[in-house]
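Heads up, the thing below is written out as structure tokens.
Every number in this text was worked out from the coordinates using simple rules, so none of it is lab data. Keep in mind it's a predicted model, so treat the numbers as computed, not measured. Glycine also receives a Cβ, built like all others from the backbone with ideal geometry; neighbour counts cover every protein chain displayed.
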């Protein structure tokens with residue numbers, strides 16, 4: 001009974017947020033590399049699966065410009081959820097164990113309800129961008145089956161589209177920024193501390209507000 005109460009208290013307690021200098025980014029990258037070296041097979045398996053999945057999505061949408069842009073950006077919007085297994089690898093490595101790829105998938109089950117809610121939130125963001133891409137594609141005069149490269153070239157070359165393209169990219173950037181802000185530490189908190197989704201998302205937003213410059217810089221190498 002006491003154990004259950006302790007776990008519930010841990011899940012609802014809101015962690016404090018510290019200010020972190022930009023210099024810590026190097027140590028974060030080093031820690032990530034250390035995790036890969038300590039357990040390379042499951043780590044590289046995730047990278048391989050992500051790469052193959054991304055290529056398949058892009059290939060499936062190559063003749064559909066509106067789906068191409070949605071797939072390209074949607075993959076990044078969903079990345080925090082897909083990385084749950086990597087967070088589990090890192091957590092178990094810190095605990096002194098070397099889990100297999102299959103064992104790392106337990107990270108999705110350990111706090112299943114919150115992770116599902118997180119996935120729904122990210123999926124909603126991806127769906128919003130997909131719908132915006134469809135509308136943008138239509139307003140730019142796109143027709144089904146047109147080549148992606150041809151569509152982009154014609155859209156950029158037409159000076160009448162300049163303002164609309166700027167607004168489109170600004171909308172996409174704001175959506176990506178909002179998604180990034182509420183998902184920075186959401187998955188790690190749900191995996192490691194069993195925090196509920198709302199608590200983890202609020203801590204992510206507070207972390208972004210307290211460390212905006214550092215986290216924007218961190219977003220550059222982590223998105224490459």
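Details
- Between residue 194 and residue 165, the FRET efficiency estimated from the beta carbon spacing at R0 = 41 angstrom works out to 0.40.
- Figure legend: label point modelled 7 angstrom from the Cα of residue 220 along Cα→Cβ; residues of segment 11-51 with amide N under 13 Å from it are 22-23, 25-26.
- As a rough guide to protection, the peptides 45-52, 99-106, 177-184 ranked by mean Cβ packing within 10 Å, highest first, stand as 177-184, 99-106, 45-52.
- Rough spin-label spacing in nm, given labels placed 7 Å along Cα→Cβ, for residue 14 and residue 95: 2.8
- Within segment 77-107: backbone nitrogen closer than 16 Å to the residue 116 label point (7 Å, Cα to C-beta): 107
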